[in-house]
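Step one of this worksheet: look at the structure below.
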Amino acid sequence: MSELDGIKSASGDYYKWALEARKKYLLMLQQTDETIAELYIASINRIIQEFKRGKNKNLKYLLEAIAKDVDKFNEDLAKVIKSVVEDGAENGMYFTKQVSTDVLKKAGVDIVPFIKSMEFNRKRAVQISFARSHKDGLKLSERIWNVGQHNKKIMSDIVRAGTGEDVVTVARSLESYVKKGKTSISANYPNMMKRMGSRIPANLDYNALRLARTELTAAYGEGVLASAKATPVVKYVKWVISSSHPRKDICDTNATGGPNGNGIYEAMSCPIYPAHPNCICTLQPAPENTTVVVDKLKAWLKNPQSQPEIEEWYQTHYKMFE
Ligand SMILES: [Zn+2]
């Protein structure tokens, strides 16, 4: 099943909103990549400027400029990740919020408390994203810090590999590496490259990109699950495998798992999403038959005790926002 067919089969009549959310997610993914690339350019520009300002334009001073920039870089990266997480959570809630609002309106239920409940859950999804520790036990703030440390180490390695070379050449090769990647230094500064060999990653921003993409996706997932738990309209989510998935992995298993083997899970028992870094599979909320839900809501308005499920939702997620 293609990605779009997967999204379509789960979202049914509400396909339009599902597609809107997915498009927005893909756009955010692309913008995040661009923003991260800009952070690296800004960082190396600051380092080079600082180096040029220095009285002693030597390798030691260049190393100091690199070390000095880590805090500013981390601060900028943390800001980007924070907005990525906020936007991701909101994006994850979008579909369910739209469908639920539509259904509640049709049933004649006031949507204002529901919207407040969604906002409350969005904030929680953001908090969960920040509090979550990964397989390796690291929290998000520690991952951000690690990216900064990694940058510093690699850039310092490059500078040290330039010992004996003209320092301006070294600074230029460092700038070229950060902006254009490893291939640019191997072409222009072959001697330095020989000394560094395989220790230098192809692109310095790889770790930051991976972190930001993964956090965007994870926050999307938190948003999907948080909104599904707080509405009577969505109980199930479908794991839809991304059409750009390179090879078979756990995502294929998840997309064909669940009680019916079609990747549809109760929101409560969905596998951990994303399944791996850089995973761009999606969790598509699969609404209930909304005509039935509208009828249930109408019956509940007349007699709350006649609809225990709706009444439970009201007590847990709606009442406190009235
Ligand atoms: Zn995946």
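Bear in mind that the values in this text are calculations on the coordinates, not laboratory data. All figures in this text were calculated on a predicted structure; none of them were measured in a lab. Backbone-built Cβ (ideal geometry, glycine too); neighbour counts: all protein chains shown.
A few comments on the model shown:
- Extension gain from LYS60 to LYS179, taking 0.36 nm per residue of separation minus the Cα-Cα distance: 40.7 nm
- Once you reduce region 190-214 and region 269-315 to the center of their Cα atoms, the two points are 45 Å from each other.
- Normalised contact order of region 89-167, rounded percent, pairs of Cα under 8 Å and 6 or more residues apart: 20 percent
- For region 1-157, the relative contact order comes to 25 percent (Cα pairs under 8 Å, sequence separation of at least 6).
- Kirkwood radius, the chain, all distinct C-alpha pairs, inverse of mean reciprocal distance: 22.0 Å.
- Normalised by residue number, the volume inside the convex hull of the Cα atoms of region 139-284 is 127 Å³ per residue.
- Using the rule -39500 (n - 2.57) for each DSSP H run of four or more residues, divided by the residues of the chain, the 222 nm mean residue ellipticity is -22500 deg cm²/dmol.
- Packing order of peptides 81-88, 223-230, highest average first: 223-230, 81-88 (average count of other Cβ atoms within 10 Å over each peptide's residues).
- The slack in the chain from GLU312 to ARG53, taken as 0.36 nm per residue of separation less the alpha-carbon distance, amounts to 86.7 nm.
- Percentage relative contact order, the chain, counting C-alpha pairs under 8 Å, at least six apart: 26 percent
- In this calculation the C-beta distance from ILE115 to THR163 is compared with R0 = 41 Å, giving a FRET efficiency of 0.10.
- Shape of region 184-223, Cα gyration tensor, a/c cut at 1.5: prolate
- Inter-label distance, nm, simple model (7 Å from Cα along the C-beta direction), HIS150/ASP5: 3.7 nm
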